[in-house]
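Please read the structure below before turning to the comments.
The values are calculated or read from the model by the stated rules, or taken from the named source; none is laboratory data. Keep in mind it's a predicted model, so treat the numbers as computed, not measured. Methodologically, a virtual Cβ is constructed for each residue, glycine included, from the backbone with ideal geometry; neighbour enumeration extends over all protein chains shown. Only protein heavy atoms, including side chains, enter the accessible area calculation; ligands, DNA and RNA are left aside. Shrake-Rupley method; radii C 1.70, N 1.55, O 1.52, S 1.80 Å.
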Amino acid sequence: MARAGRIVADILESLKGMIRMGVTTKELDDYADSRIKAQGGTPAFKGYRGYPASICASINEQVVHGIPSQRRLKDGDIISIDLGVYYEGFYGDGALTLPVGPIAKEDAELIRITEEALYRGIGMAAEGNRLFDISDAIQRHVEGHGFSVVRLFVGHGIGRELHEEPQVPNYGSPGQGPRLREGMTLAIEPMVNAGSPEVRILDDGWTAVTADNRKSAHFEHTVVITGSGPRILTK
Ligand code: MF3
Ligand code: CO
């Protein structure tokens, strides 16, 4: 899983450097697809329930599962890129949101708080804690800054399958849920909306957008719980 996660991290890092005005999301997808294969991996999302691409590229009010296309990025956009890799029997899954050129101050704040919320959640991924301690830490950080957490999608266990038990919601009550144990591997992934938490799915059957058309951000890491705290595999 560490190797799968390393491939995810390396490719996301390279994609960061490609984000600029005029780039199409298809170009980002083509790059990721070829880099995954060059490193001996397989795109985890392509073919998953019929999903047609190797990355999800979700722009502005798109929350998750945006399908790469000929759409060109423009200054002021924010783009969430989600990438999953299968490598020698195991999965890695990671996501991040990036600014395209100069962006509005409130959009930068949305991105910052979402990433911070992910790290707050990861901080609770320790042996002996409860699963919803992670959820609660994320929710409190997000709502404390006036944003909202999406309910319709959640994080997940990950390992030999992309999605395993348990579900990892980005909302919940501290002290509740299964006890966290050494060796558990979780994909923690807050999806945070500037306005209402409601989302709807576009007619393509995939793209989730905010119901109020305000912006949304998404960060994700694959994490393993060790005896000495959380270890991030997609960093
Ligand atoms: N990070 C998301 C997930 O955990 C992305 C899935 S995209 C899909 O499920 F195409 F695979 F559905
Ligand atoms: Co995921």
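I need the full set of residues from segment 99-121 which are more than 18 Å from residue 73 (Cα to Cα) and either open to solvent by 10 Å² or more (accessible area, probe 1.4 Å) or among the hydroxyl-bearing types (Ser, Thr, Tyr) (or both), in order please.
Step one: of segment 99-121, the residues more than 18 Å from residue 73 (Cα to Cα) are 105-106, 109-110, 112-121.
Matches in segment 99-121: 105, 106, 109, 112, 114, 115, 116, 119, 120.
Hey, among 75, 93, 82, which residue is within 12 Å of ligand 2 (Cβ to nearest atom), of a type in the set (D, E, K, R) and over 19 Å from residue 204 (Cβ atoms)? Full working, then the answer.
On the way: 75 fails: within 12 Å of ligand 2 (Cβ to nearest atom); 82 fails: over 19 Å from residue 204 (Cβ atoms).
Matching residue, one of 75, 93, 82: 93.
Among the residues of segment 141-176, those identified as closer than 22 Å to residue 42 by Cβ and within 14 Å of ligand 2 (Cβ to nearest atom) are 155, 156, 157, 158, 159, 161, 162, 163, 164.
Quick one: in segment 161-194, which of the residues that are open to solvent by 70 Å² or more (accessible area, probe 1.4 Å) and in a strand (DSSP E or B) is nearest to ligand 1 (Cβ to nearest atom)?
So, considering only residues that are open to solvent by 70 Å² or more (accessible area, probe 1.4 Å) and in a strand (DSSP E or B), the one nearest to ligand 1 (Cβ to nearest atom) is 167.
Give the residues of segment 199-214 that are open to solvent by 70 Å² or more (accessible area, probe 1.4 Å), not basic (Lys, Arg) and not in a strand (DSSP E or B), sorted by residue number. Listed by number, the residues that qualify are 203, 204, 213.
Yes/no matrix, rows are residues, columns are (1) surrounded by fewer than 19 Cβ atoms within 10 Å (Cβ to Cβ); (2) out of contact with any His (no Cβ under 7 Å at 6 or more places or on another chain); (3) touching a residue at least 12 places away in the same chain (Cβ under 8 Å):
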{"position": "10", "(1), (2), (3)": "yes, yes, yes"}
{"position": "17", "(1), (2), (3)": "yes, yes, no"}
{"position": "24", "(1), (2), (3)": "yes, yes, yes"}
{"position": "32", "(1), (2), (3)": "no, yes, yes"}
{"position": "39", "(1), (2), (3)": "yes, yes, yes"}
{"position": "45", "(1), (2), (3)": "no, yes, yes"}
{"position": "66", "(1), (2), (3)": "no, yes, yes"}
{"position": "72", "(1), (2), (3)": "yes, yes, yes"}
{"position": "86", "(1), (2), (3)": "no, yes, yes"}
